[in-house]
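The values are calculated or read from the model by the stated rules, or taken from the named source; none is laboratory data. If you're wondering where the values come from, they're calculated on a predicted model, not measured in any experiment. Positions of Cβ are generated from backbone atoms using ideal geometry, with glycine treated the same way; all protein chains shown enter the neighbour counts.
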Amino acid sequence: MSDKEITVEDLNKLQKMASDNAIKLNKAMGLTYLVVKNNKLIQIGPDGRETVLGKPEFGTTKFDKKKITLKSGVQKV
């Protein structure tokens, strides 16, 4: 079993890539998607039109941890 360490920068980069890919796919399929900007929940249509839906249920949180370790396989209890 091997453990891999992922830095916060790598994790942020992967999250950004996944988000960008999801937005492109939603636009291509003519679907709307949601984002949080300036502490407001905003729905963005495939044409780029933005509609404010209200306040988000969850906010953003910053973490101080520098490394995250992912373990492969299932742990035995």
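Within the range 47-67, being modelled with pLDDT of 75 or more, within 30 Å of V8 (Cβ to Cβ) and either surrounded by 10 or more Cβ atoms within 10 Å (Cβ to Cβ) or hydroxyl-bearing (S, T, Y) (or both) holds for E50, L53, K55, P56. For the range 8-41, a residue qualifies if it is charged (D, E, K, R) and farther than 19 Å from E57 by Cα, and the qualifying residues are E9, D10, K13, K16, D20, K24, K27. Which of the residues spanning the range 2-46 are of a type in the set (F, W, Y) and at pLDDT below 90? Across the range 2-46, there are no qualifying residues.
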